[in-house]
Amino acid sequence: MFRLIDTKENNGAFNMAIDEALLIAQAKYGSSPVLRVYKFVPPTLSIGYFQSAIKEVDFESLTKKGYGFVRRPTGGKAVLHDRELTYSITITYPHRILKMNLLDSFHHLSTGIIKAIEYLGGNAYFSKKEDKNFSNPSCFASPTFSDILLNEKKVVGSAQMRNKIGLLQHGSIIYEVDVRDIFECFNLEEKTRQRLIEDGQNKITSLSQELKRKITFEDVKINLIKGMQEILNEEIVESKLTSLELDIAYDLYKNKYNTKEWNFKR
């Protein structure tokens, strides 16, 4: 059994804290694996664990736009979390999915998202090639092997972290997007910014754009549950954060994800 938890709207630091808290709580208390869905409010730029905040991010622009900022515990490049459904999956040992290696488990769990897009009416698929523009700071403008594409454009970005207690996979399923907003978050020369915006418009898309109708958070949520249920072959039961999970999340928020030491560690 998987628990389904919709934590609604939270800021970036608390969202990252909840993801890690769910993993810790499962290992500590033996609770069930979790499929979580959520939103970032305000819109938030998250950078990958190995990225440099000072080098990559235009904090003056973030402030002007009212955007938040946080470092993820997972790798990959920067993501602007705005008009999207963000999902996370937390699984601890022992579980059959953890018998797979990282890439196989990533592919397996991501297939649930492909199924969700199929239920919505789209023909999504895994990318077969890797973008060689390593200087691009944006996750969505740099498709890699196993990213999810729709009509040759990236519509989902995900990352997975493994540690001694289990896995955390989380990612963004975009239902609306303005490519210009993404690249205004980065430290770039204006000429480079314009080039990357033009390039990004050929690589980044949204479900609404490709399916030719308005797609909402709830549309994605309903079909993600169906898609995940199909590939997990387990019951998905609606649940809420427990008091123990919230206690762990508040501690991680205060002492990790909302600190300069974490967010500016590189």
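The values are calculated or read from the model by the stated rules, or taken from the named source; none is laboratory data. Keep in mind that what you see is a predicted model, and the values were worked out from it rather than measured. In this analysis, Cβ positions are derived from the backbone assuming ideal geometry, glycine residues included, and neighbour counts consider all displayed protein chains. Only protein heavy atoms, including side chains, enter the accessible area calculation; ligands, DNA and RNA are left aside. Shrake-Rupley method; radii C 1.70, N 1.55, O 1.52, S 1.80 Å.
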**Prompt:** Hey, rough spin-label estimate for Asn163 and Asn202, points 7 angstrom out along Cα→Cβ, what's it come to in nanometres?
**Reply:** 4.1 nm
**Per residue, in Å², the accessible surface of the chain once ligands and nucleic acids are set aside, probe 1.4 Å** = 45 Å²
**Heavy atoms of Met161: accessible area, 1.4 Å probe, square angstrom to 10** = 40 Å²
**Prompt:** Computed over the Cα atoms, what is the radius of gyration of the chain divided by 2.2 N^0.38 Å, N being its residue count?
**Reply:** 0.95
**Message:** Solvent-accessible area of Leu188, probe 1.4 Å, all protein chains present, reported in Å² to the nearest ten, please.
**Reply:** 40 Å²
**Prompt:** Once the whole set of protein chains is in place, how much accessible area is left on His107, using a 1.4 Å probe, in Å² to the nearest 10?
**Reply:** 80 Å²
**Request:** Nearest 5 is fine: what % of DSSP beta bridges in the chain come out antiparallel, could you say?
**Result:** 65 percent
**Fill in**
Ordered by number, the GluC sites (Glu not before Pro) in segment 213-266 that occupy a DSSP loop and have at most 11 other Cβ atoms within 10 Å are Glu235
**Asked** To one decimal place, what orientation-averaged projected area in nm² is obtained for the convex hull of the Cα set of segment 150-240?
**Response** 8.8 nm²
**Request:** Determine the sum of side-chain charges near Ala159: Lys and Arg each +1, Asp and Glu each -1, restricted to other residues whose C-beta is under 14 angstrom from that of Ala159.
**Result:** +2
**Prompt:** Are any of the pairs Lys8/Lys265; Lys8/Lys154; Lys39/Lys214; Lys154/Lys260; Lys77/Lys240; Lys164/Lys221 more than 21 Å apart by Cα-Cα distance, and if so, which?
**Reply:** Lys8/Lys265; Lys8/Lys154; Lys154/Lys260; Lys77/Lys240; Lys164/Lys221
**Item:** Accessible surface of the chain [probe 1.4 Å, protein heavy atoms]: carbon and sulfur percent
**Value:** 52 percent
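Which percent, to the nearest 5, of DSSP beta bridges fully inside segment 1-139 are antiparallel?
Working: 8 of 19 bridges.
In segment 1-139, approximately 40 percent of DSSP beta bridges are antiparallel ones.
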**Taking N as its residue count, the alpha carbon Rg of segment 1-64 over 2.2 N^0.38 Å** = 1.39
**Message:** What is the ratio of the Cα radius of gyration of segment 3-117 to 2.2 N^0.38 Å, with N the residue count, to two decimals?
**Reply:** 1.15
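What number, rounded to the nearest 500 deg cm²/dmol, is the helix-based mean residue ellipticity at 222 nm of the chain, given -39500 (n - 2.57) per DSSP H run of at least four residues and division by all its residues?
Mean residue ellipticity, 222 nm, calculated: -11000 deg cm²/dmol.
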